[in-house]
Amino acid sequence: MIEKITEEELKEQHFFAMRVKSVIHMFDHKPLAYTHSYGCQQNVSDGEKINGMLTEMGYELTDDIEKADFILYNTCAVRENAENRVFGNIGAVKNIKRKNPDLVVAVCGCMVQQEHIALQMKKKFPFVDIIFGTHVLHKFPEMLYKVFEKKERVLSIPECDGNIAEGLPVRRDSGFKASVPIMYGCNNFCTYCIVPFVRGRERSRDPEAIIDEVKGLIERGYKEILLLGQNVNSYGKDKGVSFSELLRRLDALEGEFKISFMTSHPKDCTRELIDTIAGSRHIAYHLHLPVQSGSDRILKLMNRHYDIAHYKELVAYAREKIPGLQLTTDIIVGFPGETYEDFKETLELMREIKYDSAFTFIYSKREGTKAAEMEDPVSEEEKGKWFRELLEVQGSVGDDAYKKYVGETLSILCEGRGRTDEKYLTGKSRQNIIVDFSGDDSLIGQFVSVKITKALNWALIGEIQQ
Ligand code: SF4
């Protein structure tokens, strides 16, 4: 059963936050907190809430882990190497704690929402004070209070369908780009994916709460709103409102801003959504549409609920309707049981669709998923060969993708120093294409007009227009 965290519960957590504040206020120095979030935007957004709660409790954030009084790792479980990196980084904290026994160490996120990993971590790292899962983020102040006042180690990884906590303090990393979760969890159970097991069932925030939050951000000068969900296209199924409807209401807000969203699922991506993007004032002309494989046989084994014919139809419609659409995707190579014949269908699809860019991964076995039980006869070495072949194909089709923009003038949200060269500034167009250009730092966080003079296969170069 999906729960909504009540006002009373949030008030009680605020009470614990103030108790923690009074404790750390007694330190003979400004209390410092170091936090690091791994993985997807949703996890980074959770990290901003943790930083918001730490700031409310009186901590100052630091990038210097050696100086910290509090260290937190917000973990990701999507791939094995992500987990191995976390174990390594936490192990390194042991020496810092030896030098500063008052240091408080916490680990949270998708990795420790898996009970076997949380218990392994508790046993392996006795210096870790708090281990908590994805469903109790809002109880962070209470857990910290228990460490300070009760000198207890805390392990909290309740299994539940999920909850929604509105109004948690947020400390955003950027002053002009804001991530706004619109829903949490996933009901799709793609057979390779751990997310439904660690993030719970799909649940949407109230549209009014989202619109109020976005309105407030625009009034505070935010220029880009990134709407988040494991599968944003199924937003509102539990609220009787569609994702397209939410987008139209956000697009009607006044101001100079851009709306982006991730991640879409082809089975829920509709013509209505594509028409909404095409007819909008603020929505990015960018569709990230993870196809994962070009083989219908493999898509069935992945439990993806669409076939390549349907996918191609969607892409053709989107390219017809949305001017200069940027189309990107995710591809998994070496799914259990995949043959070289199946893989060749993925290569064929890449050559035909010509994605602007693709995020490509070698299959990573996740304990607890259906795919983890499947026969997987192909060696990692062989999968590595396939992976390199895929990168070659994507490298070749991507070459000309951006040439059509040379000579055009695009509206760019300036985001910081250059990605092609530090002497440039950099930003993204309405298609979310990277554009580098000359200018001074006062332009960061502003929309500027840039005339494109050169195209690389992953970015554009241009000159600012007055
Ligand atoms: S849609 Fe599939 S891949 Fe995406 S989060 Fe849900 S289960 Fe995972």
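The values are calculated or read from the model by the stated rules, or taken from the named source; none is laboratory data. Values in this document were obtained by computation on a predicted structure and should not be read as measured data. No Cβ is skipped: glycine too gets one built from the backbone with ideal geometry, and neighbour counts run over all protein chains shown. With ligands, DNA and RNA removed, areas are computed over all heavy atoms of the protein, side chains included. Shrake-Rupley method; radii C 1.70, N 1.55, O 1.52, S 1.80 Å.
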Query raised in the report: Residue check: is Glu213 free of Cβ contacts under 8 Å to residues at least 12 places away in the same chain and away from the ligand (no atom under 16 Å from the Cβ)?
Result: no
Report task. Within region 396-419, identify whether any single residue is surrounded by 16 or more Cβ atoms within 10 Å (Cβ to Cβ), in a helix (DSSP H, G or I) and either among the aliphatic types (A, V, I, L, M) or modelled with pLDDT under 90 (or both), and answer yes or no. Result -> yes
Query raised in the report: Taking into account only those residues within region 268-289 that are touching a residue at least 60 places away in the same chain (Cβ under 8 Å) and in a loop (DSSP other than H, G, I, E, B), which is farthest from the chain's Cα centre (by Cα)?
Result: Tyr285
Requested in this report: Give the residues of region 420-429 that are in contact (Cβ under 8 Å) with a residue 24 or more places away in the chain and surrounded by fewer than 20 Cβ atoms within 10 Å (Cβ to Cβ), sorted by residue number.
Outcome: Thr420, Tyr424
Query raised in the report: On the given criteria, is Glu338 of a type outside the set (S, T, N, Q), out of contact with any Gly (no Cβ under 8 Å at 6 or more places or on another chain) and open to solvent by 10 Å² or more (accessible area, probe 1.4 Å)?
Result: no
Requested in this report: Can you tell me which residue within region 254-287, out of those that are β-branched (Val, Ile, Thr) and closer than 24 Å to Gly39 by Cα, is surrounded by the fewest Cβ atoms within 10 Å (Cβ to Cβ)?
Outcome: Thr263
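Conditions tested, residue by residue: (1) over 19 Å from Asn74 (Cβ atoms); (2) buried (at least 19 other Cβ atoms within 10 Å of the Cβ).
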site	(1), (2)
Ile130	no, yes
His135	no, yes
Phe140	no, yes
Tyr145	yes, yes
Glu152	yes, no
Ile157	no, yes
Asn163	no, yes
Query raised in the report: Ala371 fails exactly one of the following numbered conditions: (1) without any contact (Cβ under 8 Å) to a residue 40 or more places away in the chain; (2) of a type in the set (A, V, I, L, M, F, W, C); (3) crowded, with 19+ Cβ neighbours inside 10 Å; (4) assigned to a helix (DSSP H, G or I). What is the number of that condition?
Result: (1)
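Quick check on region 51-63. Is at least one of its residues over 20 Å from Phe132 (Cβ atoms), open to solvent by less than 40 Å² (accessible area, probe 1.4 Å), among the polar types (S, T, N, Q) and modelled with pLDDT of 95 or more?
yes
Give me the residue from region 266-295 that is closer than 30 Å to Phe387 by Cβ and among the hydrophobic types (A, V, I, L, M, F, W, C) and, out of that set, farthest from the ligand (Cβ to nearest atom). Spell out the reasoning first.
Kept after step one, since they are closer than 30 Å to Phe387 by Cβ, are these residues of region 266-295: 266-269, 284-295.
Checking which are among the hydrophobic types (A, V, I, L, M, F, W, C) leaves us with 269, 284, 287, 289, 291.
Numbers: Cys269: 12, Ala284: 20, Leu287: 15, Leu289: 12, Val291: 12 Å.
If we take residues in region 266-295 being closer than 30 Å to Phe387 by Cβ and among the hydrophobic types (A, V, I, L, M, F, W, C), then Ala284 is farthest from the ligand (Cβ to nearest atom).
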Query - Qualifying residue in region 85-101 (condition: within 28 Å of Asp330 (Cα to Cα) and open to solvent by 50 Å² or more (accessible area, probe 1.4 Å)) - result: yes
Requested in this report: Tell me which residues, restricted to region 201-226, are among the charged types (D, E, K, R) and not in a strand (DSSP E or B).
Outcome: Arg201, Glu202, Arg205, Asp206, Glu208, Asp212, Glu213, Lys215, Glu219, Arg220, Lys223
Query raised in the report: When you look at Leu250, is it in contact with a Phe, Trp or Tyr (Cβ under 9 Å, 6 or more places away or on another chain) and not hydroxyl-bearing (Ser, Thr, Tyr), yes or no?
Result: no
Report task. Go through region 254-265 and give me each residue that's more than 16 Å from the ligand (Cβ to nearest atom) and without any contact (Cβ under 8 Å) to a residue 60 or more places away in the chain. Result -> Glu254, Gly255, Phe257, Ile259
Report summary line: Pairs returned, first residue in region 66-87 that is more than 21 Å from Glu367 (Cβ to Cβ), second residue that is surrounded by fewer than 24 Cβ atoms within 10 Å (Cβ to Cβ) and among the charged types (D, E, K, R), beta-carbon separation under 8 angstrom, 6 or more apart or interchain, are Asp69/Asp102
Query - Conditions (1) of a type in the set (Ser, Thr, Tyr); (2) surrounded by fewer than 21 Cβ atoms within 10 Å (Cβ to Cβ); (3) touching a strand residue (DSSP E or B) at 6+ places or on another chain (Cβ under 9 Å); number of the one not met by Ser293 - result: (2)
Report task. Output the qualifying pairs, or none if there are none: Cβ atoms under 9 angstrom, residues six or more apart or on different chains, first residue in region 221-248 and within 13 Å of Pro207 (Cβ to Cβ), second residue crowded, with 17+ Cβ neighbours inside 10 Å and of a type in the set (Lys, Arg). Result -> Tyr235/Arg205; Asp238/Arg203; Lys239/Arg205
**Report entry** Residue check, Tyr311 open to solvent by less than 10 Å² (accessible area, probe 1.4 Å) and in a loop (DSSP other than H, G, I, E, B)
**Finding:** no
Report summary line: How many residues of region 227-253 are open to solvent by less than 30 Å² (accessible area, probe 1.4 Å), outside any loop (DSSP other than H, G, I, E, B) and more than 16 Å from the ligand (Cβ to nearest atom)? The answer is 5
